[in-house]
Amino acid sequence: MLQIIQDLKNGETILAETHVPVAGKGMVLIKSHFSLVSPGTERMLVEFGKKNLIQKALDQPERVKQVISKLKTDGFKPTYEAVMRKLDTPISLGYCNAGEVVEVGEGVTEFRIGDRVISNGPHAEYVCVPKNLVAKIPADLSYEEASFTVISAIALQGIRLVHPGFGETVVVIGLGLIGLITVQLLASNGCKVIAFDLDESRVDLAKKYGAHAYLAEGNDQDELKVKQLSNEYGADAVIITATSSSQEIIHQAAQMSRKRGRIVLVGVVGLHLQRADFYEKELSFQVSCSYGPGRYDDNYELRGNDYPLAYVRWTEKRNFEAILLALSLNKIEVKSLIGKIVELDEFDAIYQNIGGNRDITSLIRYDIHKEEKKIQKAFVEKKYSSNQNGIGIIGAGNFTSSTILPILTKLNAPIHVICGNKGWTAGQLAKQFKIPHSASSFIEILQDENVNTVMITTRHNSHASLVLAGLNAGKNVFVEKPLAINLKELNEIAQAFESSKGSLTVGFNRRFAPMIQQLKNELSNNEAPIQIVATMNAGSLPMDHWTKSVDQGGRIIGEACHYFDLTSFLCNSPIVEVYMQSLGLNAGLDTDHASIILRMQNGSSAVINYFTNGAKDYPKERIEVHQLNRTAVIDNFKRIDYYGFKKRSNSSVQDKGHSAQFKTWLNFISNGGSAPIPFESFWNTSYASIMAIESFKENKPISF
């Protein structure tokens, strides 16, 4: 991925290539759509980086003291090397990000993959942020507007420290981005706002936002204006949002204040306080800390421990949420504050002259489709030679022990080794099913020369990485569904498959069920379009069940994908459009109760109903197939009824096709030839199941 960084040694602003971070415990991985350039903070960092060592030292006298102290204790060489190491460490630029969640770490329950969110992540294609620094974007708010959230929270926190009452007079000194947002928030709060700045265009904007705004004269005239507009009392509060080295601004703020007034510093100014200013009026003075309570507290930010709302009403995250609500309700207008919008690779248009840039702020836009583009080509069907080496099973969970191993044992499959995330479980299964070896790691299986075939039966979020490892090792790979849980994984698998000598099969067993094979044979005598209604009465699961976890892809991608494959198989055509609706109110809520409409390339269509709120005594699966005044109904894979067909209805013991699937697959592994399911088929249905979630989030059909 690409990220904007600042080289502190030479002052260069660089677009660097780096790795996509991983969402660890309590973290959220976000794919960026827009980020806002902070005109104050980032300008200072860029300008600081361009200074020489002496100028840098003069700017940071406290750091100089630390260097001198280290010189005294450690000597010149270690001190010099430590300073150079510090300067050699680039820093990330940016802290106002808007994008969508693509991964969540352990312990994160309030966000799901696909959620639209803001965070204080830097200017990068992907950002990994602690959950307490992330907030959801309302559905009616654009990414561009939402990218103002974090910097607006700085303005909001300054206001909260002032505690403005309705009708109070508040002065804002400095009309940069934070100052103009402060003006709007105060006006929305029912305050009389008086604002000062050196830039006439910004003064005009403040007037538009409801302030009494003036060009700052830096003398008694400014104080006189405040007194005239406050019935000679002076301001109830002054918020300083300016950036200046001048000591005079604090003095002016004190002169503008009424007795026992409040002064809050949000910006950066000279801090030489004159005792007389504060003594005579008993003024209070406070410096605002960034976004609010929780900032720089590792227990809150990094460990994810929230402050109780009853005792700390407004944390930094709750400030983010308050700003998002204000933006959604049009209490803050930010579009007029955008100077330019540039693509990430055009970042120099902003940073080359950031000090002389007259824009209030600029946005960076990210190419959100770059890594998600579908591979637009047909996959060549491969033929494979026979191979008699052993099978290695990766995964020793319930499905492996209850379904896979009993069937494979009955079919005399040449299982050579098994491993699981709990070594004792794999060892126990090896003993029970007379498997020669158990391994502690899947790497051992991939490196074993006696294994040419691997079966992957682990949890869903590990499937793609294990498939890639198997294909790259040249093994034949069988993976239980789903093949992948996002488009990035799916495209990586496609690329690996094309260059691999190994085969790939996905465990879409329903198409191998005897009743499905029988029905497929009846349908094959006519090419007329088919309509299917398929219902999975899946049943509810506890909210903490692993299949419902967002980092596992959820139940539509993880389970309903069976019916994407089955309906495409029966219709004998790939899926070209998907449209999903759910009882969930918006993207990110529970999508278990879904109806999905599929359109096939040959004109056929299917409706997949995946419900978890049905009666327990209703059949788990029901499939209705309609074509040319004929109907076939499969009831829970135990009975099939034909209407209008010459075939007679029949029933049998429930058989969902597992045995036939593994028998077909083992025959393929032993004798070679064509894979049981063409790659293009299960790639298409996997793609469709992932795009169903996108359809739900965007509330529209998605064609491909």
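The values are calculated or read from the model by the stated rules, or taken from the named source; none is laboratory data. Here the structure is a predicted model, which is why all the values come from computation and not from measurement. Counting neighbours? That spans all protein chains shown, and the Cβs are built from the backbone with ideal geometry, glycine included.
Specify the residue that is nearest to the chain's Cα centre (by Cα); the eligible residues are those in segment 665-690 that are outside any loop (DSSP other than H, G, I, E, B) and surrounded by fewer than 16 Cβ atoms within 10 Å (Cβ to Cβ).
E680
Mind checking which pairs have a first residue in segment 95-113 that is touching a residue at least 24 places away in the same chain (Cβ under 8 Å) and a second that is among the acidic types (D, E), Cβ under 8 Å, 6 or more apart or different chains?
Cβ pairs passing all conditions: A98/E144; E100/D115; V101/D115; E103/D551; V104/D551; G105/D551; I113/E103; I113/D551.
Of all residues in segment 448-462, count the ones that are in contact with a helix residue (DSSP H, G or I) (Cβ under 8 Å, 6 or more places away or on another chain) and among the charged types (D, E, K, R).
Total satisfying the criteria: 1.
Out of the residues in segment 217-257 that are of a type in the set (D, E, K, R) and touching a strand residue (DSSP E or B) at 6+ places or on another chain (Cβ under 8 Å), which is nearest to S284 (Cα to Cα)?
Taking segment 217-257 first, the residues of a type in the set (D, E, K, R) are 217, 220, 222-223, 225, 227, 232, 236, 248.
After this cut, where a residue has to be touching a strand residue (DSSP E or B) at 6+ places or on another chain (Cβ under 8 Å) as well, the list is 222, 225, 236.
On the way: D222: 21, K225: 22, D236: 11 Å.
By that ranking, first place goes to D236.
Based on this model, can you work out whether N525 counts as without any contact (Cβ under 8 Å) to a residue 40 or more places away in the chain, within 30 Å of N629 (Cβ to Cβ) and not in a helix (DSSP H, G or I)?
yes
Pick out the one residue from F508, F478 that is in contact with a strand residue (DSSP E or B) (Cβ under 7 Å, 6 or more places away or on another chain), among the aromatic types (F, W, Y) and closer than 15 Å to F682 by Cβ.
Unique residue meeting the criteria: F478.
What is the residue count in segment 126-147 for residues that are out of contact with any helix residue (DSSP H, G or I) (no Cβ under 7 Å at 6 or more places or on another chain) and in contact (Cβ under 8 Å) with a residue 60 or more places away in the chain?
Residues meeting the conditions: 11.
Could you list, in sequence order, the residues of segment 612-661 that are crowded, with 17+ Cβ neighbours inside 10 Å and small (G, A, S)?
Answer for segment 612-661, where residues must be crowded, with 17+ Cβ neighbours inside 10 Å and small (G, A, S): G614, A632, G657, S659, A660.
Is there any pair linking a residue in segment 252-271 that is touching a residue at least 24 places away in the same chain (Cβ under 8 Å) and over 10 Å from G234 (Cα atoms) to one that is charged (D, E, K, R) and part of a helix (DSSP H, G or I), with Cβ under 8 Å and at least six apart or on different chains, and which?
As it stands, the answer is Q252/D222; Q252/E223; R260/K281; G270/E248, since those pairs meet every condition given.
Which one is surrounded by the fewest Cβ atoms within 10 Å (Cβ to Cβ) among residues in segment 87-128 that are under 10 Å from the mean Cα position of the chain (by Cα) and assigned to a loop (DSSP other than H, G, I, E, B)?
G114
Looking at segment 646-661, which of its residues are of a type in the set (A, V, I, L, M) and farther than 14 Å from Q518 by Cα?
Hit for segment 646-661 is V653, nothing else.
Those residues that are among the polar types (S, T, N, Q), over 28 Å from S152 (Cβ atoms) and in contact with a strand residue (DSSP E or B) (Cβ under 6 Å, 6 or more places away or on another chain), I need them from segment 266-301; list them, please.
The answer is none; no residue qualifies.
Given the condition over 22 Å from G553 (Cα atoms) and hydrophobic (A, V, I, L, M, F, W, C), answer yes or no: does some residue in segment 589-597 qualify? Please lay out each step first, then the result.
Step one: filter segment 589-597 for residues over 22 Å from G553 (Cα atoms), giving none.
There is no residue in segment 589-597 that is over 22 Å from G553 (Cα atoms) and hydrophobic (A, V, I, L, M, F, W, C).
Is it true that some residue in segment 31-39 is buried (at least 17 other Cβ atoms within 10 Å of the Cβ), assigned by TED's automatic domain parsing to the domain that holds I360, of a type in the set (K, R) and at pLDDT 80 or above?
Looking through segment 31-39, at least one residue is buried (at least 17 other Cβ atoms within 10 Å of the Cβ), assigned by TED's automatic domain parsing to the domain that holds I360, of a type in the set (K, R) and at pLDDT 80 or above.
Quickly run through segment 331-341 and pick out the residues that are modelled with pLDDT of 90 or more and out of contact with any Phe, Trp or Tyr (no Cβ under 7 Å at 6 or more places or on another chain).
Within segment 331-341, K331, I332, E333, K335, S336, L337, I338, I341 qualify.
Would you mind finding the one in F637, F611, F682 that is in contact with a His (Cβ under 6 Å, 6 or more places away or on another chain), touching a residue at least 40 places away in the same chain (Cβ under 8 Å) and under 29 Å from D592 (Cα atoms)?
On the way: F637 fails: in contact with a His (Cβ under 6 Å, 6 or more places away or on another chain); F682 fails: in contact with a His (Cβ under 6 Å, 6 or more places away or on another chain).
It is F611.
Which number in (1) surrounded by fewer than 16 Cβ atoms within 10 Å (Cβ to Cβ); (2) at pLDDT 85 or above marks the one condition that G355 misses?
(2)
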